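FYI, it's all coordinate maths here, none of it is from the lab. In this text the structure is predicted, and so the values were computed from the model without any measurement. Quick reminder, even Gly has a Cβ in these numbers, built from the backbone with ideal geometry, and neighbours come from all protein chains shown.
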C-alpha cells in the first residue's frame, strides 16, 4: 500500500508572532544540527533545538505547543554562539517560552500587556491606583490615629503602617493577589500538562514513580541546586556567574518569602489567646532575628541582580539578545530592591515625605512583581518545574 501523503498547513500568523517575541532570526537556520550537537544537556534520543527550529520555520504551532523540550532548555546560549548562520536557536527557544507565558494562564489582556513595552503603563497604573486610593482614604477619610491634619503625610514617628495599615489595607490586598496568582498558575499548569502529555494511555515498564516523588526530586536535585547550570554553557566563568546569580536571586526570594510568611503568622496568630508572646508589629528592631534574616535576603538579591544584569548587558547581540521579558523582570526586581532599601534608609534618616512616597512605590513594584507572575519570565520557576516533573513522571530521563 502506498504511503498516504501528509498535508502541512503552516500557521503564518504564528510565525509572525514568534518572530516578534524574539525569534526573528529563525529563517537563517539551514538545519546543520550544530545546535543540537553543541547543547550539553540535549538528550541523544530526542535532541533539541534543531527540530524546534524547523517546526518554527514551517509554522507548526501544534508541534511546538506540545513540545516539552522548550522547557528543558536553560538558555545558556552555547548553541547560538556556535551557530554558523547566526540563527540564534537560544533566542528562538526563549521566544517560544515567552509566547507560552502569554497563552498558558488566563487573562489574555495581562498577557498582551506583558509582551510589549506599551503595556508597562497599565501594568503600573493598576497598583498605583489601588494604593493611591488607600492612601487618600487613610489620610482624608479615616484620618488614621488622627495624625494627618489635612496632609498626605502623618505627623509623629515614621511608621509605614500609619499610611498603609496592614490589617485593613495591605494584608487584604495581597491575600487577594495570592489567591489570584495560585488560581492563574493552577490553570496555566493544567494547560501546560494537557499540551505536553501524550495522547491516549502510556504503558510503563517497571515500577512507576508517584507524581509527588517526581516533584520532590526535581526541586531537590535540579531547581534548588541549579544543577543544569553546571552543565550548560561553554566558558567555566560564564557557568559560575549564571549559577551564582540565579541561586542568589532564588534564595534571596525564598528568604524574604519565609520572613514575610512567619511575620504574617506571628502578627495574626499572636492575637489568639495563649499566643500573645509571638505577636509582632512593624517596623521590627534591627536585633530581631527576622529582621536580620530579611537583611540577608536583601544582600542575596543584590548579589544575584548585579551578576545577572552585568551578564545580560554583556551579551553579544550577534549571538544572543535580550527580550522585553528579560529586561522587564530585571527592572521590576531592581525597583523592588531599591524602593525597599531606600524606605528603610529614609525612615532611619527621619525623612517623612521621602519615606512614605518611596514606600508607596515599593508596594506598587511588589504588586507588579507578584500579581503578574504567571505571565512574566519568572513564571518559568513554576512552568519549567511542572514540565520537568511531568517528563520525569512519564519515564523520560
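Using a Förster distance of 22 angstrom, determine the FRET efficiency expected from the C-beta separation of residue 282 and residue 306, and round it to 0.05.
Numbers: r = 27 Å, r/R0 = 1.25.
The computed FRET efficiency comes out at 0.20.
Annotation for the range 307-359 versus the range 227-285: alpha-carbon center distance of 18 Å.
Taking each residue as 0.36 nm, the span from residue 141 to residue 244 lengthens on full extension beyond its C-alpha to C-alpha distance by 32.2 nm. Counting beta carbons within 10 Å around each of 178, 321 and listing the fewest first gives the order 178, 321. Each Cα pair under 8 Å and six or more residues apart adds its separation to the average, and for the chain the resulting relative contact order is 22 percent. Across q = 0.13, 0.20 Å⁻¹, the range 12-104 modelled as identical point scatterers on its alpha-carbon atoms has Debye log10 I(q)/I(0) values of -0.35, -0.87, in the order of the q list. Counting 0.36 nm for each residue step from residue 63 to residue 338 and taking away their Cα separation leaves a gain of 94.8 nm.
For the pair residue 180 and residue 85, what calculated FRET efficiency results from E = 1/(1 + (r/R0)^6), where r is the Cβ-Cβ distance and R0 = 45 Å, to the nearest 0.05? All intermediate terms of the calculation are to be shown ahead of the outcome.
On the way: r = 43 Å, r/R0 = 0.96.
The formula returns an efficiency of 0.55 here.
The Cα atoms of the chain cover 88, 46, 40 Å along the three principal axes, with the biggest extent listed first.
A helix-only calculation puts the chain at -18500 deg cm²/dmol for mean residue ellipticity at 222 nm, using -39500 (n - 2.57) for each DSSP H run of at least four residues, averaged over all residues.
How do 231, 217 rank when sorted from fewest to most other Cβ atoms within 10 Å of their own Cβ?
So the residues, fewest neighbours to most, are 231, 217.
Approximating the spin labels as points 7 Å out from Cα along Cα→Cβ, the residue 209-to-residue 155 distance works out to 6.5 nm.
From the square roots a ≥ b ≥ c of the eigenvalues of the alpha-carbon gyration tensor of the range 298-378, which class results: rounded (a/c under 1.5), prolate (a/b over b/c), or oblate? Prolate. Gain on full extension, evaluated as 0.36 nm per residue between residue 313 and residue 396 minus their Cα-Cα distance, stands at 26.3 nm.
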